[in-house]
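Chemist: A single structure is presented below for examination.
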Ligand code: ADP
């Protein structure tokens, strides 16, 4: 029964309901039957009592009157023979005592008593002879009724049970088993077997019934699903085809864009090369002129000659300033300008610029002053060079456009921490109209022609200031009224710093007294003289080599503390000579730091120098203080120096490259670079994931290439290797390996980046 319940729950439930209902019905019908039977029995008993009354009473009275005992006994026995009469008693009319007791037992609890008066007609009238008491046995009646009800109930229950079983068997055969096979079929449709239509195991009949309708619906459903799947497959094929078309189009477009980009890059490179070439051509003779002028100051000369010398120096310096302006702007516009981070004394920097302005203001009725908010820190780390240049520019403009009154340089903290500073240069000069204020930060823009005629200038100064302030992560602006004066201001974020621990860390103005043995590789005679004189003046011992060949020969004979290498040498270039010195087995200077002296200081050039193992770059014409500082930095500790120029991989990051980055960008800028990279890399990983899911291996290759480039630039060697492998794999269309490499890259990148950040913070 339990098994039936589990296998056919519906059949089981129906059977249970039908059984319960039938039982109720049987109980009801049996009860009604028993009630009818009871009434019938009672009626029979009453008829018998009536019979006794009508037939036997008169003859009994006569027998009593005649005192015919034998007759009386016979008559009473006759009454007792009636069914259900249990006992008869004659009672005396006067005493009420029993006269004659029959054999019946009236003791049963369920008996009914009937009393009849016995009277006899005598000539003297009607005489009362006593009473006949008749007891009927109701217990027997009840027992009979009970038995007949029980048999009736059992008979009906059995019949109904058998009927239910039969109906269930028929129901199972005609309905349930077909429902079950329909359920099995519907399940099989769901799991994909949709080839055969449903057919029930039963005799086909002319008239279709509900099951046939259900089978028909299921078969229609199967056809519908099959058609839908076919439609979708066709759409998918169409989509694949369109995607392939699109991919081809994108490939084509990408190729043409790449070509256009290459053309644009070539043009930009040509412009950079042109600028670098011009810079080299002008700077080299200029450095000769200025160097010679400087040396001439040390020789005795007449007052007039000194005047000429001053004029020569001033003209040379202003020409250099214009050239610097053009080059600075070009470099800033190229986006490759990275301000060098230095520790500096704020007061010293501000006072220096104020003094310079004061010197420029000589001859004018001008008061120049500076004021620094006292709460500000004394030392900061940041782009001191940029700050100097922007301040010098704003102050020299203020002096240029103010005839009388005052020029004031103010420095205030903008935030509570005192790390965001506001520099403001206020003057009482000619002022700028509101309309002109909109334009003066654009390159080559001056307020108007009359001003140009009167004051000269290139219109580049403020454009450079703006780009530099933006490069420092700040903003610049002007408040001015025509005729009333102007206030040029800028805000930048600087890092509050502790006072320098050693002299070496102090700004370039206090370079240490070092005496080094140096090799100068330079082909231009005038530059040889100037640079040698400057270096010797600073106390160094200088050995000269005129070209790469000579330099290699000298390097085999003598070890130097540092090598100063012109990059533009006849025959071998400075880069090639450096590589040869590094590679030569018999060189005594394989690890000696090389400082490039060059006018080619574009981003790409510097990258090339660093890749060739050059430790530092100095732009021509040489700034003696800056060169001295670089020498001090490079030669302060041999071990540190070696560590900083050897490529070094640890935990998947290039420590050497990171050290260079830290040196070039400074910690704060590098930190924000890492942040930017983190966001960019997250975006690329999401795009890679999408491309892999779409199975777009071309896109995977492009994205992996991008990521590999950024990773290797930042020194994340492990991530770069995985990204490069992913790129290669995508070109080979190895889906499974691509997926595995992507998973590995996704896991490695964050830890690799974290490690690089730690290395930079250390
Ligand atoms: P320039 O080399 O011509 O000075 P700048 O970019 O430094 O170029 O300045 C652009 C123009 O802005 C100047 O020609 C001048 O008209 C105006 N300007 C700059 N500073 C001041 C100032 N302090 N007062 C009045 N005008 C100024």
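Read the figures in this text as sums done on the coordinates, not as results from a lab. Computed from a predicted structure; not experimentally measured. Cβ: placed from backbone, ideal geometry, glycine included. Neighbour counts: every protein chain shown.
Chemist: Fewest Cβ neighbours within 10 Å first, please rank 80, 703 accordingly.
Modeler: 80, 703
Chemist: Neighbour counts of other C-beta atoms within 10 Å: give me 30, 487, 578 arranged from fewest to most.
Modeler: Values: 30 20, 487 17, 578 24.
Placing the least packed residue first, the sequence is 487, 30, 578.
Chemist: For residue 274 and residue 479, calculate 0.36 nm times their separation in residues minus their Cα-Cα distance, and state this gained length in nm to one decimal. Provide the component values of the computation, followed by the final result.
Modeler: Values: separation 205, 0.36 × 205 = 73.80 nm, distance 3.82 nm.
Full extension from residue 274 to residue 479 adds 70.0 nm.
Chemist: Mind giving me the FRET efficiency for residue 256 and residue 746? R0 is 30 Å, r the Cβ-Cβ distance, nearest 0.05 is fine.
Modeler: FRET efficiency, residue 256 to residue 746: 0.40.
Chemist: Relative contact order for the stretch 394-434: what percent, with Cα pairs under 8 Å and sequence separation of 6 or more?
Modeler: 44 percent
Chemist: A further question on this structure: For the pair residue 297 and residue 498, what calculated FRET efficiency results from E = 1/(1 + (r/R0)^6), where r is the Cβ-Cβ distance and R0 = 25 Å, to the nearest 0.05?
Modeler: Efficiency at R0 = 25 Å is approximately 0.05.
Chemist: Now for a separate question. I need the calculated FRET efficiency for the pair residue 148 and residue 115, taking r as the beta carbon distance and R₀ as 30 Å, to the nearest 0.05.
Modeler: Step by step, r from the Cβ atoms, then E = 0.45.
Chemist: Express as a percent, rounded to the nearest 5, the fraction of DSSP beta bridges in the chain (both residues included) that run antiparallel.
Modeler: The antiparallel proportion sits near 70 percent.
Chemist: So what's the back-of-envelope 222 nm ellipticity for the chain, counting only DSSP H runs of four-plus at -39500 (n - 2.57) apiece and dividing by all residues, rounded to 500?
Modeler: -20000 deg cm²/dmol
Chemist: Based only on other Cβ atoms within 10 Å, what is the fewest-to-most ordering of 1, 182?
Modeler: 1, 182
Chemist: Another one. Return a whole-number percent for the relative contact order of the chain, with Cα pairs under 8 Å and 6 or more residues apart as the contact set.
Modeler: 7 percent
Chemist: In 20 Å bins starting at 0, how do the alpha-carbon pair distances of the chain split up by percent?
Modeler: Calculated P(r), rounded to whole percents: 11, 26, 18, 8, 9, 8, 8, 8, 5, 1, 0.
Chemist: Zone of residue 200 (label point 7 Å along Cα→Cβ, backbone N under 14 Å): which residues in the stretch 163-180?
Modeler: 170-180
Chemist: May I ask you to list the residues of the stretch 4-24 whose amide nitrogen lies under 17 Å from a point 7 Å from Cα along the Cα→beta-carbon direction of residue 186?
Modeler: 8-11
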